[in-house]
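So the structure is just underneath, and the comments pick up after that.
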Amino acid sequence: MAGSSVGGVRIDHATTSGTFSLDGQTFDVENNVWVVGDDDECVVIDAPHDVEGILAVVGDRRVLAIVCTHAHDDHVRVAPALAGATGAPVLLHPADAPVWALTHPLAAPDGELADGQELTVAGTTLRVLHTPGHAPGAVCLYAPELGVVFTGDTLFQGGPGATGRSFSDADLIVESIRRVLFALPVETVVHTGHGADTTIGAEADALGR
């Protein structure tokens, strides 16, 4: 587990391994787990393969919410179980309800995310940015005080997230990235759902604004 801190608020990170399945195909994947908070409380961003692995990052802190960047199974597979273990609500953009139902047909999320919504944890703000394309309800979480954005599978080091499968739209993800993410400061660090960090400036230069 690795982490960074700004003004008492820290970002903890770990990876978990498992599978991603959609449209009848299954792939081995490694997912990033991001936890934002202080020594007392935190927010978990995505709930991939392993409840115990996520709880190891959380420690004895109170979990305020489990925020899903989108509802592909490798990002929400253990969300209900993690909610049961922590008492925290699972939050998802409602446009991703059909995707969520593929993995959890009998368990709905506990609450909804909306574009512009602000979540507060440990005195810092996570602003919800709706960025459809990889999935219809895909969101990013921008923390202006920390200078970071958590992009799920919308933006990676090297470009946009994958499209071409059910519920995805290649033109829309590029539009979301250019309109929403490239409006952020160029020095903003991008914490992704898979793989290495990047910056808004680096990806804007590569993709073109």
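Size of the dipole of segment 102-186 about the Cα centre, Lys and Arg at +1 and Asp and Glu at -1 on the beta carbon, nothing else charged, in debye to 20? Please list the in-between numbers first.
Values: 4 positive and 9 negative charges, 40 e Å.
Here segment 102-186 has a charge dipole of around 200 debye.
Comparing 181, 22, 141, which has the greatest mean-square fluctuation in the GNM of the chain with Cα pairs linked when under 10 Å apart?
Among 181, 22, 141, the largest mean-square fluctuation in the Gaussian network model of the chain belongs to 22.
Please list 3J(HN,Hα) in residue order for segment 117-130, calculated via the Karplus relation 6.51 cos²θ - 1.76 cosθ + 1.60 where θ = phi - 60°; whole Hz, with x for glycine and proline.
4, 10, 9, 10, 9, 6, x, 10, 10, 10, 9, 7, 10, 6
Of 60, 23, 153, which has the largest mean-square fluctuation in a 10 Å C-alpha GNM of the chain?
For the chain, modelled as a Gaussian network with Cα springs under 10 Å, the answer is 23.
Report Rg (one decimal) and Dmax (nearest whole number) for segment 71-165, counting Cα atoms only, units Å.
Here Rg and the maximum Cα pair distance are 13.6, 39 Å.
Just the projected area, averaged over all directions, of the convex hull on the alpha carbon atoms of segment 1-111: how many nm²? Write out the running numbers ahead of the final one.
Working: hull surface 27.2 nm².
Mean projected area for segment 1-111: 6.8 nm², to one decimal.
Please compute the per residue accessible area over segment 14-100 with all protein chains in place, 1.4 Å probe, rounded to a whole number of Å². Before the final figure, lay out each step's value.
Values: 3070 Å² over 87 residues.
For segment 14-100, the per-residue accessible area is 35 Å².
Antiparallel as a % of all DSSP beta bridges within the chain, to the nearest 5?
75
Could you derive backbone 3J(HN,Hα) for segment 170-182 from the dihedral phi with the Karplus parameters 6.51, -1.76 and 1.60 (θ = phi - 60°), listing whole Hz in sequence and x where the residue is Gly or Pro?
Using θ = phi - 60°, the values come out as 5, 5, 5, 5, 5, 5, 4, 5, 5, 6, 9, 6, 6 Hz.
I need the Debye-formula profile for the chain: one equal scatterer per C-alpha, no solvent, reported as log10 I(q)/I(0) at q = 0.08, 0.11, 0.14 1/Å, two decimals.
-0.23, -0.45, -0.75
In whole percent, how big is the carbon plus sulfur part of the accessible area of the chain, probe 1.4 Å, protein atoms only? Before the final figure, lay out each step's value.
Values: 4370 of 8470 Å².
With neighbouring chains kept in place, the figure for the chain is 52 percent.
Tabulate in residue order the Karplus-calculated ³J(HN,Hα) for segment 98-112, using 6.51 cos²θ - 1.76 cosθ + 1.60 with θ = phi - 60°, rounded to whole Hz; enter x for Gly and Pro.
These are the phi-based 3J(HN,Hα) values: x, 6, 4, 5, 5, 9, 10, x, 10, 9, 7, x, 8, x, 10 Hz.
Could you work out which residue, out of 192, 125, 26, moves most in a Gaussian network model of the chain, that is, has the largest mean-square fluctuation with Cα springs under 10 Å?
26
By how many nm would the segment from residue 118 to residue 25 lengthen if fully extended, with 0.36 nm per residue of separation less the alpha-carbon distance?
29.9 nm
Kindly state, as a whole number, the per residue volume in cubic angstrom of the convex hull around the alpha carbon atoms of segment 53-93. Before the final figure, lay out each step's value.
Values: hull volume 2.7 nm³, N = 41.
Convex hull of Cα atoms, per residue: 67 Å³.
Specify which residue in the list 33, 87, 168 is farthest towards the positive end of the charge dipole of the chain, using unit charges on the beta carbon of Lys, Arg (+1) and Asp, Glu (-1), about the Cα centre.
In the chain, that residue is 168.
The values are calculated or read from the model by the stated rules, or taken from the named source; none is laboratory data. Since the model is a prediction, treat every value here as computed from it, not as a measurement. No Cβ is skipped: glycine too gets one built from the backbone with ideal geometry, and neighbour counts run over all protein chains shown. Side chains are part of the model used for accessible areas, which takes the heavy atoms of the whole protein and leaves out ligands, DNA and RNA. Shrake-Rupley method; radii C 1.70, N 1.55, O 1.52, S 1.80 Å.
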